[in-house]
Structure formats: structure tokens, C-alpha cells
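Heads up: the structure comes next, in C-alpha cells.
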Amino acid sequence: MTTAAVTRTPLTGIRKAIADRMAQSHAQIPGVHVVEECDVSRVDLRLLLAHVCRAVAELAAAHPLFNAHVVGDEILAFDDVAVGFAVDTPRGLVVPVLRNPLSYSPEELTAQVADLAERARAGRIPARDISGATVTVTSPGKSGGVLATPLINPPQTAIIGVHRATDRVVALAGGVAVRRMLNLTVTFDHRVIDGAEAGRYAHELRALLEREA
């Protein structure tokens with residue numbers, strides 16, 4: 001009897017860290033998702049991630065629970081905003097951090113994103129540039145689906161998912177039109193954020209992105 005070959009790969013390094021963090025998130029955080037459709041027909045998609053990071057930072061003052069950590073029995077709401085953004089690398093998912101996004105233009109932020117992502121993929125990013133995020137944005141772009149439900153990165157309280165933009169027929173000004181639309185997912189920690197607050201946050205985030213367009 002022939003035994004099928006099996007490849008055994010130890011779960012170590014970045015992959016082990018991701019596995020532990022995601023298992024912790026799934027087991028401990030009641031993550032709930034709010035989805036909004038967003039019209040990005042007039043957005044330069046090369047600047048989209050920068051627009052999202054700036055919008056998330058802009059909403060932090062009005063919605064401090066979305067820029068917070070849960071540590072033990074305390075909610076730590078931060079005055080400063082540090083937005084982590086997920087990058088797919090050969091070694092696994094790495095999350096570089098953009099600090100104080102409102103200090104930069106979308107073009108400057110886009111340049112920072114490109115630089116951090118390149119260094120992350122090359123394995124040349126220091127620990128200080130992948131630590132200290134207060135909230136995370138995940139934007140898989142063309143390689144992602146039209147909708148996903150990302151897991152929160154503990155101890156954070158929220159993660160924003162920006163999914164693949166596609167042309168859709170939508171109702172517009174009493175008629176129909178073809179617009180470039182994407183689904184925007186706000187996943188929130190239901191222990192500390194209520195559904196109504198999450199709905200307001202998602203609606204305002206969509207409005208900011210469409211305004212920036």
C-alpha cells in the first residue's frame with residue numbers, strides 16, 4: 001500500500017505570530033460587521049488607501065472608540081492616530097503604521113505607503129514601523145473579493161476593509177448610471193461599541209470618501 005507524501009512545515013516566525021493573533025481575535029472579540037457601498041468613480045485608485053487612512057484619522061475625534069484599545073477591563077482611547085495597513089509579503093501579512101495621517105496630503109501618504117510596503121515585502125522594515133497602530137485598514141485591491149469580513153487585530157477595537165472596486169448599475173438622480181463602486185466594511189468590537197454607533201461611523205466614513213472624490 002502506497003502512502004501519500006506529506007509536506008510538514010513548522011508554524012513559526014511571522015506565520016505563528018499571525019496565527020496566534022487571529023485565534024485570539026476570533027476567540028475573544030465579538031467582531032460585528034457593518035457594510036456600506038461607496039461610490040469611488042472620481043477617485044484616483046492609486047490614492048484610495050491614503051484617502052481611507054486620512055478619513056479614518058479625521059473621524060477619530062468624533063468617534064474615539066474606533067481609535068482605541070481594550071486592555072483588560074479598560075478602554076484606552078488615544079488622542080493621536082496611527083493607522084496600520086495590511087501588506088501581503090512572502091513571509092506573511094505585515095502591518096506597517098502611518099502616524100498622524102492628517103499631517104500629510106494624500107500624495108505624501110501614498111508615497112509613505114509605497115515606501116513602507118516595499119520595505120515590508122523586502123524584510124527591511126524596523127519594528128518601530130510595524131508597532132503602535134491604534135486602528136487598522138486592510139485593502140487587498142484587485143486581488144481581493146468584492147466583500148470580506150476581516151478580523152480585528154487585538155487589542156484594537158476596529159478594522160476597516162476596503163474591497164475591490166467594480167462597475168455597477170446604480171440608481172442616481174432619479175435614473176440609472178454605471179458607477180465604480182466598492183464595499184466598505186467596518187468591523188467593530190461589540191463589547192465596547194454599539195451597533196448604532198458603528199452604523200453612524202460607517203456612514204460618515206463613506207461620506208468622507210465620496211467627498212474626497
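Things worth noting here:
- The test for being closer than 19 Å to Ala82 by Cα, in contact with a strand residue (DSSP E or B) (Cβ under 8 Å, 6 or more places away or on another chain) and without any contact (Cβ under 8 Å) to a residue 60 or more places away in the chain does not hold for Gly123.
- In the stretch 67-87, the residues that are under 20 Å from Ser143 (Cβ atoms) and of a type in the set (A, V, I, L, M): Ala86, Val87
- Some residue of the stretch 2-19 being within 15 Å of the chain's Cα centre (by Cα), surrounded by 10 or more Cβ atoms within 10 Å (Cβ to Cβ), part of a helix (DSSP H, G or I) and not β-branched (Val, Ile, Thr): no
- Residue identified as in contact with a strand residue (DSSP E or B) (Cβ under 7 Å, 6 or more places away or on another chain) and under 20 Å from Thr138 (Cβ atoms) among Pro101, Pro90, Pro64: Pro101
- Restricting the search to strands (runs of 3 or more DSSP E) fully inside the stretch 40-156 and requiring at least 2 residues that are on the phi < 0 side of the Ramachandran plot and open to solvent by less than 20 Å² (accessible area, probe 1.4 Å) gives 82-85, 87-89, 97-99, 135-138.
- Hey, Ala62 within 16 Å of the chain's Cα centre (by Cα) and not hydroxyl-bearing (Ser, Thr, Tyr) or not: no
- Any hit, the stretch 23-30, residues being among the β-branched types (Val, Ile, Thr) and surrounded by 14 or more Cβ atoms within 10 Å (Cβ to Cβ): yes
- For the stretch 157-196, the set of residues classified as touching a helix residue (DSSP H, G or I) at 6+ places or on another chain (Cβ under 8 Å) and open to solvent by less than 50 Å² (accessible area, probe 1.4 Å) consists of Thr157, Ala158, Ile160, Val162, Ala165, Leu184, Val186, Phe188, Val192, Ile193, listed by residue number.
The values are calculated or read from the model by the stated rules, or taken from the named source; none is laboratory data. Bear in mind the structure is a predicted one, so any value in this text is a computation, not a measurement. A quick note on method: Cβ atoms are made from the backbone with ideal geometry, for glycine too, and the neighbour counts reach across all protein chains shown. When the accessible area is computed, the model is the full protein with side chains, heavy atoms only, and any ligands, DNA or RNA have been set aside. Shrake-Rupley method; radii C 1.70, N 1.55, O 1.52, S 1.80 Å.
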